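Take a look at the structure set out below.
The values are calculated or read from the model by the stated rules, or taken from the named source; none is laboratory data. Source: prediction; values computed, not measured. No Cβ is skipped: glycine too gets one built from the backbone with ideal geometry, and neighbour counts run over all protein chains shown. Keep in mind that these areas ignore ligands, DNA and RNA; they rest on the heavy atoms of the full protein, side chains included. Shrake-Rupley method; radii C 1.70, N 1.55, O 1.52, S 1.80 Å.
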Amino acid sequence: MTAKMTADSLLGMDPGTFLSDYWQQRPLLIRNALPDFLSPLAPDELAGLALEDEIESRVIVEQGQSGPWELHRGPFTEQFFADLPDDHWTLLVQGVDLWIPDVRQLLGLFDFLPPWRLDDIMVSYAPTGGSVGPHFDAYDVFLIQGLGQRQWQIGAPCTVETPTLADTSLRILSRFSARDTWTLNPGDMLYLPPGISHHGIALNDCMTYSVGFRAPTAGEMLDDLATELLADDRYAARAAAVYRDPPLTPAMAGAEIDSGFIGQVRALLAELLDDEALLGDWFARYMTRPKNPDLALDDSLARRASLRLRPGGDKRRYVNGEEDKL
């Protein structure tokens, strides 16, 4: 990566074209997106990060002692890595951008996207045959090949109802059919929208840099919003609004729930969710909340967003899940 690298050269097109034609719509393979790209990390250095207590890491073994697609969670030991088979396993380390400045620099290439949408950069290493199985993710991701070669098979869109294997804790698809198959070399990049099934297989010792952007589900957001409403005194009066019956008739006294009751529930919740100021404040806090609060004390790693609900209105700044009062 060079200092002159721009979004246009990264994407092979104007960022506006990418956002209108591909973003959250369909995959895009970009050959030589990062010319002469050299992996900022060696496999041994990545494994070293996985020894640390503060760093989230996983190893997936395709045929483990307990069965197929065996999941191990870090931190690991040097002996653990020494005991792994020669092939068909994968090491994944989350949030490498928080620890390695050379990895963090990759984020500057994605300035055509809101920075508060960023999740982290996960780095994976796999020897020949290493894979995490066919699956889909609930986020946008740019997969940058950093070392070796990985074959990516791209399948159909999936939902939470898509069948997965029952004998593993991983959400691996029970049926997968590839529509496209691409082999990525160092410097190549693949963009995948949320929900697109895919299966990456290491053709040799390889490392992949996964730049992920959060795409939270409706359930995750509702759960967090409800928690905030109950915990924050500023929202107490809104959260304490009491359900009231619709105009009752004797015919509505039976065990059957009349649609009028459902209408009252909808109206009560809609009034709460129709508060733009409340939702804006919560959403800015939610999307800037750091995954690792201790590291977020470093100002260079802070997650920031600005919020202006109406044209000409005051702009409010949010840093690491809190409104910045300064």
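Might you let me know whether the range 108-125 holds any residue that is more than 14 Å from the chain's Cα centre (by Cα), within 24 Å of Leu51 (Cα to Cα) and either touching a residue at least 60 places away in the same chain (Cβ under 8 Å) or in a loop (DSSP other than H, G, I, E, B) (or both)? Within the range 108-125, one or more residues are more than 14 Å from the chain's Cα centre (by Cα), within 24 Å of Leu51 (Cα to Cα) and either touching a residue at least 60 places away in the same chain (Cβ under 8 Å) or in a loop (DSSP other than H, G, I, E, B) (or both).
Among residues of the range 174-189 that are on the phi > 0 side of the Ramachandran plot, those with a beta-carbon under 9 Å from a residue that is in a strand (DSSP E or B) at least six positions away or on a different chain give the pairs Gly187/Ile144; Gly187/Gln145; Gly187/Gly146.
Would you be able to say whether some residue in the range 45-63 is at pLDDT 95 or above and in contact with a Gly (Cβ under 6 Å, 6 or more places away or on another chain)? Checking the range 45-63: at least one residue is at pLDDT 95 or above and in contact with a Gly (Cβ under 6 Å, 6 or more places away or on another chain).
Within the range 151-198, the residues that satisfy the criterion of being more than 29 Å from Met5 (Cβ to Cβ), assigned to a strand (DSSP E or B) and open to solvent by less than 60 Å² (accessible area, probe 1.4 Å) are Gly155, Ala156, Thr164, Leu173, Ser197. Candidates in the range 310-326 are the residues that are among the charged types (D, E, K, R) and at pLDDT below 80; of these, the one that is farthest from Arg285 (Cα to Cα) is Arg310.
Within the group Arg31, Arg117, which residue is among the basic types (Lys, Arg) and farther than 23 Å from His199 by Cα? Please lay out each step first, then the result.
On the way: Arg31 fails: farther than 23 Å from His199 by Cα.
Among Arg31, Arg117, only Arg117 is among the basic types (Lys, Arg) and farther than 23 Å from His199 by Cα.
Among the residues making up the range 98-108, those that are open to solvent by 10 Å² or more (accessible area, probe 1.4 Å) and either in contact with a strand residue (DSSP E or B) (Cβ under 6 Å, 6 or more places away or on another chain) or over 12 Å from Glu56 (Cβ atoms) (or both) are Ile100, Pro101, Asp102, Arg104, Gln105, Leu107, Gly108. Screening the range 7-41 for residues that are without any contact (Cβ under 8 Å) to a residue 24 or more places away in the chain and in a loop (DSSP other than H, G, I, E, B) and picking the one that is farthest from Glu78 (Cα to Cα) gives Asp14.
Do we find that Ser57 is at negative phi, out of contact with any Cys (no Cβ under 8 Å at 6 or more places or on another chain), open to solvent by 30 Å² or more (accessible area, probe 1.4 Å) and among the small types (Gly, Ala, Ser) in this structure?
Values: at negative phi: yes; out of contact with any Cys (no Cβ under 8 Å at 6 or more places or on another chain): yes; open to solvent by 30 Å² or more (accessible area, probe 1.4 Å): no; among the small types (Gly, Ala, Ser): yes.
In short, no.
Here Gln24 meets the list (1) out of contact with any strand residue (DSSP E or B) (no Cβ under 9 Å at 6 or more places or on another chain); (2) closer than 17 Å to Leu143 by Cα; (3) open to solvent by 80 Å² or more (accessible area, probe 1.4 Å) almost entirely, failing just condition (1).
Before we move on, is Pro216 assigned to a loop (DSSP other than H, G, I, E, B), out of contact with any Leu (no Cβ under 6 Å at 6 or more places or on another chain) and open to solvent by less than 40 Å² (accessible area, probe 1.4 Å)?
Working: assigned to a loop (DSSP other than H, G, I, E, B): yes; out of contact with any Leu (no Cβ under 6 Å at 6 or more places or on another chain): yes; open to solvent by less than 40 Å² (accessible area, probe 1.4 Å): yes.
Yes.
Scanning the range 222-245 for residues that are in contact with a helix residue (DSSP H, G or I) (Cβ under 7 Å, 6 or more places away or on another chain), part of a helix (DSSP H, G or I) and at pLDDT 90 or above returns Asp224, Leu225.
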